[in-house]
Amino acid sequence: MLASREWFEDWKRQQAAGGLTDIQRAARYYYLQRLCLAGRVRSRTYGASPMSRPRINLLRIEEELSEVHLRSAGVTIEHLEWKDFIKTYDKLRALFFLDPPYYKTPYYNHNFKLVDLQELSQTLSSLKSKFILSINDHPDMRKAFRGFSMVLAKLSYSIAQKECAKGYELLITGVETQREMAK
């Protein structure tokens, strides 16, 4: 199978139109994800570079899928709303890593509104378990999660690979940080 912009666009249209079998949908999803810029699920664009090989090679698909299988052998995959997931797995020895969609950004199929993130904050305040949450630095996020420990992390977004955009993300935690333990 070739890495082709024409096939990419055609399979993207087919995926959106529906009417495919599960196998057809899975094959198209794999192809699109391997070839799209930055692994985006929404607003996919063909990611190609004259300086590198295509990111899909059917001679290696079995090897790639075997690697995925080995990495995820002890993993359970759930398809639950975040509230139901937390309710099901909230135990004393659990640690949640939460990475909701960035607030007020258009990159996701399922964006959170401020009220959703406020509800998440309320839910986290009554957890038995510990958590680490990452979210873009925005005044509304600082306010919504103000009762928790926050660390500001400086990032370089390198999606364009030409020049990195600088940004900040909040790491919000229900785990005591070394700084807090030293007080």
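Side notes on the structure shown:
- In this structure the amide hydrogen of Asn136, modeled in the peptide plane, comes within under 5 Å of the amide hydrogens of Tyr103, Leu170, none closer than 5 places in sequence on its chain.
- Fluctuation leader among Thr88, Thr76, Thr173 - the chain, Gaussian network, Cα springs under 10 angstrom: Thr76
- The string of couplings for the stretch 2-9 from the Karplus curve (6.51, -1.76, 1.60, θ = phi - 60°) is 8, 8, 9, 4, 5, 5, 4, 5 Hz, one whole number per residue in order, with x for Gly and Pro.
- Taken per residue, the accessible surface of the chain reaches 74 Å², heavy atoms only and a 1.4 Å probe.
- Across every direction, the projection of the convex hull enclosing the Cα atoms of the stretch 104-171 has a mean area of 5.4 nm².
- Accessible area of the stretch 11-79 belonging to carbon and sulfur atoms, whole % at 1.4 Å probe: 56 percent
- With the charge dipole of the chain set up from +1 on Lys and Arg Cβ and -1 on Asp and Glu Cβ about the Cα centre, the Cα lying farthest toward the positive end among the listed residues Leu98, Ala16, Phe148 is that of Phe148.
- Spatially near lysine pairs across the chain, Cα under 22 Å, sequence gap of 8 or more or different chains: 21
- Debye intensity ratio I(q)/I(0), log10, the chain, q values 0.09, 0.11, 0.13, 0.19 Å⁻¹ (C-alpha model): -0.47, -0.69, -0.93, -1.33
- The stretch 124-130 - phi-based ³J(HN,Hα) in whole Hz, Karplus 6.51/-1.76/1.60, Gly and Pro as x: 5, 5, 10, 5, 7, 8, 9
- Phi to ³J(HN,Hα) by Karplus 6.51 cos²θ - 1.76 cosθ + 1.60 over the stretch 64-76, Hz, x for Gly, Pro: 4, 5, 5, 4, 4, 4, 5, 5, 10, 4, x, 9, 9
The values are calculated or read from the model by the stated rules, or taken from the named source; none is laboratory data. Please read all numbers here as calculations on a predicted model, not as lab measurements. A quick note on method: Cβ atoms are made from the backbone with ideal geometry, for glycine too, and the neighbour counts reach across all protein chains shown. Quick note on the areas: whole protein, heavy atoms, side chains included, nothing else; ligands and nucleic acids left out. Shrake-Rupley method; radii C 1.70, N 1.55, O 1.52, S 1.80 Å.
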